[in-house]
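A.B. asks: Would you mind keeping the following structure in view while I ask a few things?
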Amino acid sequence: MPLGSTIENSTGFGISLDELSNEKEIKDILTFISNLIEKEEDLEYIKFDKEFHLESLDLRSSAWMQQDIFTNYQSETELMRYIFRLAEKDFSLVDGMMPLGSCTMKLNSAAELNPVSWANLSSMHPFSPPDQTKGYSKIISDLEKWISEIVGLKSVSFQPNAGSQGEFAGLLAINSYFESKGELLRKKCLIPKSAHGTNPASAVMAGFDVLTVECDDEGNIDYQDLSIKVKQFDNQIGALMLTYPSTHGVFELQIRNICDLIHSVGGFVYLDGANLNAQVGLCKPGNYGVDVCHLNLHKTFCIPHGGGGPGVGPVAASETLSPYLPTHSLMDNILSNSFNFVSSANHGSASILPISWMYIKMAGLSGLRKATSHAILSANYIAHSLKHKFKILYKGKNDFVAHECILDFRDLKSKTGLSVNDLAKRLIDYSFHAPTISWPVPETIMIEPTESESLAELDRFCEAMLLIGEEISEIENNYELKNNNVISNAPHTLKELIADNWQYPYSKEKASFPYKTLTNIKFWSSVSRINNAYGDRNLICSCNVNQDETLEEKKCA
Ligand SMILES: *Cc1c(COP(=O)(O)O)cnc(C)c1O
C-alpha cells in the first residue's frame, strides 16, 4: 500500500514472505483467501486460482554468491577470526573516544543492549495481535510517558525511523493543523543558516517554502533578521525550525523571545532535538515555547548508530498538534485526525526501543540530569584546555559552550598548506577516531566528548590536540616541511613503519608513537589515505578482493 493511502481506497495488497516460509504455508494462505472470496457475495466477480506450484514460478537456475569469501570460512573458529579481523580494521568506542560532534557517540552499555537479542523481543512482527505484544506495549507506553515528561510535550509517536523522518512528520502535523483550520497560505518555514541540512530538506518535502534566517557572530539566530522576516511574511508563516543548543554548540539566550515572536503571528516552533543531550533533566522544550520536536534515540538515548542505522526519531507534540502526529491505517486510533503516516510499521524501528528503555530505567531522572551536566562539563573542559592554543569559534555570553565545541582552523591552509582533513587523519595516529570536520562551518573541527568519557580520556585527547598544535607550529616555521610532514602523511600504518626504506623527514617514533609519555595505547590504522570521496562516487564490489590485499591496491590494479 503506498504511503498516504488507506484501506478504503486501496486497490490491492501484497504479502511478504521470507526464507522461513514454505510451500505449504503459501497454499494455506491461498486457500484461506479463496474461501473468503467464495463466502462474500460481493466478491464473487474476483477470479482466484488457489492452485499453486512452486515449480511454476520462474526460479533462478544460475549459481549465486560464488565469490571465495562466502565459502572460505567453514568452521566457527575460522568465521570468528574473520569477523574479528574485520572489526579490528575499524576504530570503535572499544579503542577510544570518538569525538564526533553533533552525532553524540555515547555509551552503549552491555546491559542496555543485552535484551535486544532476546527472541521474545527480536522476533516480533509489527502487526502481531495485541494479546501477543503486551511486553512491547509496556515498553512503548513507558517510553511515551518518559519522553513526554522529558520534553514537556503532550504526546509522542515512535513511527519515524530517523531524526529527519521525525522532522518530516512534525512538519506534516503543522501542515495538517493549518489545513484543518482553512489557513492554506501558511507555507513559509523559517530556518536559521546554522541548521542541519535535513531541516530544509524536510520542510520542502512537507510542502513548505524555506526562508533562511541569518546568524550573528556568536552563532545565535540573528533576532533582528528574524523580526524583519516575521513582520514581512506575518500570517504566511507556518513554522520556525530551530536547533537548541544550536549546531554552533551554544545555548541561544533569546530562545523564549524567539518562540514568542513566532507564536505572535500564529506560527509553530519546531525544535530539532538532536542536541537534547545538553538538555535532558535540565530544561524542557515545551516549557520555553516549543510546539513540536523530534529526538534522536540513536544519539541521546544510547542506541548505537555508527554505520548508518537503524534509528528511532520519535516526534513529540503539544496538545494542539497531537491529533496530527503519525498514525497507521491498520491501527485503531479513534482520537486521531491524522493520515500522516511516515513508515510502514506503526512503531517504526520498535525492536531497538528496549535499548532506550533500559537506559532511562537504569539512569532514572537524577541519572539523566547527571549525564547531561557531565556532557556539558566535558565539552567545556576540552574548550578550556585548548583555548590557549586554538580558537574556540563560538561561545555563549559567559564564555561557556554547550555540549560540544568548534575549533577554528580557517587560516590553517594559508599558513601551512594543511586542511582540517589532515588534522583528522593525524588524530588517528594518536589513537582517536576523527572528529566531525567542516560542519557546520568549513575548515573547523567539532568535538563532542559526551558524558561517557573519563577525565583520563579527555586529558589524553587534549594532550593529542596540543601536540598536534606544536606540529602545526613546526610546519608553519619550516618551508621544507610543506606538503611532506607528519600531519600531511598521516595516518601512518604499521607496514610503512617496518618497511626497510623510510623516507619521511621525521622519525618513525614521532610518526607513530607521538605522545611524550603514553606508549601503551596504540591503534594501528589498516590503511593510510585512500582517495576520500572515491568510494562515494564509484561503486566497488570488494567480494573478490583477497583479504591480504587492500582495497586501495585492488583499485590501482
Ligand atoms: C543527526 C541530526 C539530524 C538528523 O537525524 P538523523 O537521525 O540522522 O536523520 C538533524 N539535525 C541535527 C542537528 C542532527 O545532528
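The values are calculated or read from the model by the stated rules, or taken from the named source; none is laboratory data. Predicted model only: the values in this text are computed from it and were never measured. Counting neighbours? That spans all protein chains shown, and the Cβs are built from the backbone with ideal geometry, glycine included. The accessibility values were calculated without ligands, DNA or RNA, using every heavy atom of the protein model including side chains. Shrake-Rupley method; radii C 1.70, N 1.55, O 1.52, S 1.80 Å.
A.B. asks: Cβ-Cβ distance below 9 Å, separation of 6 or more or different chains: which pairs start in segment 190-210 with a residue that is assigned by TED's automatic domain parsing to the domain that holds Gly170 and of a type in the set (S, T, N, Q) and end on one that is more than 11 Å from the ligand (Cβ to nearest atom) and open to solvent by 50 Å² or more (accessible area, probe 1.4 Å)?
C.D. replies: From segment 190-210, the pairs are Asn199/Val210.
A.B. asks: If you check Lys188 against the conditions, is it within 18 Å of Asp260 (Cα to Cα) and either modelled with pLDDT of 95 or more or not charged (D, E, K, R) (or both)?
C.D. replies: Yes: the conditions hold for Lys188.
A.B. asks: When you check Lys361 against the structure, is it at pLDDT below 95 and either on the phi < 0 side of the Ramachandran plot or not assigned by TED's automatic domain parsing to the domain that holds Ile487 (or both), yes or no?
C.D. replies: Answer is no for this residue.
A.B. asks: For segment 503-540, name all the residues that are under 22 Å from Glu470 (Cβ atoms) and either part of a helix (DSSP H, G or I) or of a type in the set (A, V, I, L, M, F, W, C) (or both).
C.D. replies: Matches in segment 503-540: Lys508, Glu509, Lys510, Ala511, Ser512, Phe513, Leu518, Ile521, Phe523.
A.B. asks: In a loop (DSSP other than H, G, I, E, B) and open to solvent by less than 90 Å² (accessible area, probe 1.4 Å): which single residue out of Lys106, Lys47 fits that description?
C.D. replies: Residue meeting the stated conditions: Lys106.
A.B. asks: Within segment 322-344, does at least one residue satisfy the condition of being more than 16 Å from the ligand (Cβ to nearest atom), closer than 30 Å to Leu100 by Cβ, outside any loop (DSSP other than H, G, I, E, B) and of a type outside the set (D, E, K, R)?
C.D. replies: No, the conditions are met nowhere in segment 322-344.
A.B. asks: Can you pull out the residues in segment 253-284 that are under 23 Å from the mean Cα position of the chain (by Cα) and crowded, with 20+ Cβ neighbours inside 10 Å?
C.D. replies: Passing the criteria: Val269, Tyr270, Leu271, Asp272, Gly273, Ala274, Asn275, Leu276, Asn277, Ala278, Gln279, Val280.
A.B. asks: Which ones in segment 454-498 are touching a Ser or Thr at 6+ places or on another chain (Cβ under 6 Å) and acidic (Asp, Glu)?
C.D. replies: Scanning segment 454-498 gives a single hit, Glu476.
A.B. asks: Report every pair of residues separated by at least 6 positions or lying on different chains whose Cβ atoms are under 7 Å apart, first residue within segment 271-287 and within 18 Å of Phe168 (Cβ to Cβ), second within 12 Å of the ligand (Cβ to nearest atom) and acidic (Asp, Glu).
C.D. replies: What qualifies is Asp272/Glu167.
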